[in-house]
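A.B. asks: My structure is below; once you've seen it, I'll send some questions.
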Amino acid sequence: MVRGTGTHISYYPVLVPTAFAWMLPPAGAGHAAVAVTSEELEQLVGAYALADGRTVTIRREGARIFARVTGLPGETELLAKTSRRFFLPGGFGVLYTFEGPADLPAASLLVRVNGVESRAMRRTTQ
């Protein structure tokens, strides 16, 4: 239980941030972002279908790339480890690996969240 709360229901607003601070590694743990060209990023843009029916949508805005997952709020900027491997800012245990030849659009996407991997196949290009 979180200390300093007044009632049994008043701890809910601080429950999630407290849990994340306890479960997740510190910000930036083990990751350093590198620059990737707009042309390389364009090879990754598209929609990728996960086996559970959700879609991972990747869009590019200049030299930045963003991911949106069906059923999750908002979108997240991805930071590059290489031209085909990306991580989330803030030290979360999430890694996006785009698969396929480097000179062609990515054929699939491997999403690793805290050690659990899910493969998403490209559905469309944008």
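A.B. asks: Under unit Cβ charges (Lys, Arg +1; Asp, Glu -1), what dipole magnitude, rounded to 20 debye, does the stretch 36-120 have relative to its Cα centre?
C.D. replies: Numbers: 10 positive and 10 negative charges, 42 e Å.
The dipole of the stretch 36-120 has a size of about 200 debye.
A.B. asks: Another one. Can you list, bin by bin at 10 Å, the percent of alpha carbon pairs in the stretch 38-124, starting at 0?
C.D. replies: 18, 59, 23, 0
A.B. asks: With the cut-off at 13 Å, report for the stretch 81-126 the share of all Cα pairs above it, as a whole percent.
C.D. replies: Details: 600 of 1035 pairs.
I get 58 percent for the Cα pairs in the stretch 81-126 exceeding 13 Å.
Laboratory data are not the source of any read-out in this text; all were calculated from the coordinates shown. Predicted, not measured: the structure shown is a model, and the values here were computed from it. Note: ideal-geometry Cβ built from the backbone for every residue, glycine included; neighbour counts use all protein chains shown.
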